[in-house]
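S.K.: Just passing along the structure, written as structure tokens.
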Amino acid sequence: MTVQVEAEPAKMQAYLLHGMRDLRAARLDVPRPGPRQVIVRVRRAGICGSDVHYFLHGRAGRFVPRRPLVLGHEFAGEVVELGDGAPPQLLGARVAVDPSMPCGTCDHCRSGRYNLCLDMRFFGSASCDPHIDGGFAEFVAVPAGNCHVLPGNLGWGEAALIEPLSVALHAALRSGGVSGRSVLVTGGGAIGLLLTMTARAFGARQVVLSDPLPFARGRALELGADLAIDPSDAAFAGRAVEASDGGFEIAFEAAGAPAALGQALAAVRRGGTIVQVGTLPDEVTLPLNEVMARELTLFGSFRFANVFGMVLDLVAGRRIDAGRVISAVYPLGEMPAAMARAVGKDEAIKVQVEP
């Protein structure tokens, strides 16, 4: 009599967030592809501001992990296995992964605003339950439809920036368009600098960035900003109004700081537009009578919708040289050091890891 013993599942390296500042190496089962899924071998994954929030505070806004979670929603890699029904031409393809998995049937999805889907599933996020592990691992099971095939001229680092650049482009579109207009960006992190580059690429007449860090201000000037201002300078308000000839037409708040949103409100001209992109504390005090008296328009901008493929084309066509925001790349095995670099903002804009 022959006894058949099932083989142990193959294991992979990953990092699990267990709580505030508690990021642990783990050996997890390599995922198996479900119907119309593929297995992506991760080649590069970026650390986002939301990953930093999860690490530092145990939450990102109102999203609180209920169990250990593999973070990372900015990733690209190679398709190494196909599930039933997945397009055969994807096998071996180099892809950037759109982390959004909306239901596709609700009112928001059917109207085209699928980023607002209440049943959205999203890689590396506690916004859905059960959570879906993200890209800080060697392999990820991905819906085939979320894979965007990369042109040969794009490297892994640039490919992993398609997601955050999609956030920037979505915000620019939410503003009503930046072409020919004066723009203020508050916050010189990755999203703020990508917004700076996006505004310049889409024809903004003037782009000014504010950030308290000299390094971030210097990078903004290198990446196309006309002026970079220190928001902690007592003369900030006057400099902003003077630079914009009476106030900016559009302000993007990408710092995630209440003071920055207040400065954006003060720096736009009458009838101007503010787009809130950064994640703020739940309760913020603002002079909202200014919104009424000056007929300001305040938009929220959450994740992105309908722009991932467009951004891929922009980067592939060198309309936006997104790779210039990459400051450091660490092996996945040095994930704690990579996170520390991202948290410390030690002359780092975008930190990425690679298995």
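S.K.: Just by accessible area at a 1.4 angstrom probe, what is the order of E158, E283 from largest to smallest?
M.R.: E283, E158
S.K.: Return the loop-located trypsin sites (Lys or Arg not before Pro) in region 159-214 (DSSP other than H, G, I, E, B) with at most 14 other Cβ atoms within 10 Å of their own Cβ; answer none if there are none.
M.R.: Details: sites: R174, R181, R200, R205; in loops: R181, R205.
Answer by residue number: R205.
S.K.: Provide the percentage of antiparallel DSSP beta bridges, counting only those with both residues in the chain; round to the nearest 5.
M.R.: In the chain, DSSP labels about 55 percent of beta bridges as antiparallel.
S.K.: Which one of P31, S166, G180 has its Cα pushed farthest toward the positive end of the charge dipole of the chain, where Lys and Arg give +1 and Asp and Glu give -1 at the Cβ?
M.R.: G180
S.K.: Give me the distance between the Cα centres of region 130-194 and region 205-232, rounded to whole Å.
M.R.: 21 Å
S.K.: Give me the Å³ per residue figure for the convex hull around the C-alpha atoms of region 225-306. Write out the running numbers ahead of the final one.
M.R.: Working: hull volume 9.5 nm³, N = 82.
In region 225-306, the Cα hull volume divided by residue count equals 115 Å³.
S.K.: Quick one: compute the contact order of region 37-143, relative version, from alpha carbon pairs under 8 angstrom and 6+ residues apart, as a percent.
M.R.: It comes to 35 percent, rounded to a whole number.
S.K.: Could you put F136, F215 in order of accessible surface area, largest first, with the 1.4 Å probe and the full protein assembly present?
M.R.: Of F136, F215, the descending order of accessible area is F215, F136.
S.K.: Next question. Residue by residue through region 32-41, which ³J(HN,Hα) values in whole Hz follow from phi under the Karplus form 6.51 cos²θ - 1.76 cosθ + 1.60 (θ = phi - 60°), with glycine and proline marked x?
M.R.: 3J(HN,Hα) across region 32-41, in whole Hz: 9, x, x, x, 6, 10, 10, 9, 9, 7.
S.K.: Continuing with this model, one more query. Just reorder T196, T285 by solvent-accessible area, largest first, 1.4 Å probe, all chains present. Walk me through the intermediate numbers first.
M.R.: Numbers: T196 0, T285 135 Å².
Greatest to least solvent exposure: T285, T196.
S.K.: At most 16 other Cβ atoms within 10 Å and a DSSP loop assignment: could you name the trypsin sites (Lys or Arg not before Pro) in region 1-103 that fit?
M.R.: When the trypsin sites (Lys or Arg not before Pro) of region 1-103 are filtered for loop state and at most 16 Cβ neighbours within 10 Å, R21, R36, R59, R62, R66 remain.
S.K.: Give the long-range amide H neighbours of F139: residues separated by 5 or more places, or on another chain, with amide H under 5 Å away, using H modelled in the peptide plane at 1.01 Å from N.
M.R.: Distant-sequence amide H within range of F139: V42.
S.K.: Quick check for me: using +1 on Lys/Arg Cβ and -1 on Asp/Glu Cβ, what's the dipole size of the chain about its Cα centre, in debye to the nearest 20?
M.R.: With only Lys, Arg, Asp and Glu charged at Cβ, the dipole is about 260 debye.
S.K.: Within 10 Å, count the other beta carbons around each residue, average over each peptide in 236-249, 342-355, and list them highest first.
M.R.: In decreasing order of mean packing, 236-249, 342-355 become 342-355, 236-249.
S.K.: Between E295 and T105, what FRET efficiency follows from the Cβ-Cβ distance if R0 is 35 Å, with the result rounded to 0.05? Don't jump to the answer; show the numbers that get you there.
M.R.: Details: r = 37 Å, r/R0 = 1.07.
About 0.40, to the nearest 0.05.
S.K.: With a cut-off of 8 Å between alpha carbons and a minimum separation of six or more residues, what is the relative contact order of region 252-341 in percent?
M.R.: 23 percent
S.K.: Per the Kirkwood definition applied to all pairs of different Cα atoms, how many angstroms is the hydrodynamic radius of region 171-214? Let's see the in-between values first.
M.R.: Numbers: mean 1/r = 0.0966 Å⁻¹.
Here the Kirkwood hydrodynamic radius works out to 10.4 Å.
S.K.: Moving on to the next point. Ranking request for peptides 110-116, 189-195: highest mean number of other beta-carbon atoms within 10 Å first, then the rest in descending order.
M.R.: Packing order, densest peptide first, comes out as 189-195, 110-116.
S.K.: Per residue, how much space in cubic angstrom lies within the convex hull of the C-alpha atoms of region 125-189?
M.R.: Each residue corresponds to 184 Å³ of Cα convex hull volume.
S.K.: Read phi for every residue in region 61-70 and hand back ³J(HN,Hα) as whole Hz from Karplus 6.51 cos²θ - 1.76 cosθ + 1.60, θ = phi - 60°, with x for Gly and Pro.
M.R.: Listing the rounded values in order: x, 8, 8, 10, x, 9, 7, x, 9, 7 Hz.
S.K.: Once you charge only the Cβ atoms, +1 for Lys and Arg and -1 for Asp and Glu, what is the size of the charge dipole of region 18-161 about its Cα centre, to the nearest 20 debye?
M.R.: I would put it at about 260 debye.
S.K.: While we're looking at this one, here's another question. Please list the equivalent ellipsoid semi-axes of region 50-165, computed as the square roots of five times the alpha-carbon gyration tensor eigenvalues, in descending order and whole angstrom.
M.R.: They are 24, 18, 14 Å, listed from largest to smallest.
S.K.: Now for a separate question. Which option, (1) 27.9, 93; (2) 23.4, 95; (3) 20.9, 88, is the value of Rg and Dmax of the Cα atoms in Å that was calculated from these coordinates?
M.R.: Of the listed options (1) 27.9, 93; (2) 23.4, 95; (3) 20.9, 88, (3) comes from this structure.
S.K.: Here is a follow-up. Taking a label point 7 Å from the Cα of D230 along the Cα→Cβ vector, which residues of region 193-214 have an amide N closer than 17 Å to it?
M.R.: 209-214
The values are calculated or read from the model by the stated rules, or taken from the named source; none is laboratory data. In this text the structure is predicted, and so the values were computed from the model without any measurement. Glycine gets a Cβ as well: all are built from the backbone with ideal geometry, and neighbour counts include every protein chain shown. Only protein heavy atoms, including side chains, enter the accessible area calculation; ligands, DNA and RNA are left aside. Shrake-Rupley method; radii C 1.70, N 1.55, O 1.52, S 1.80 Å.
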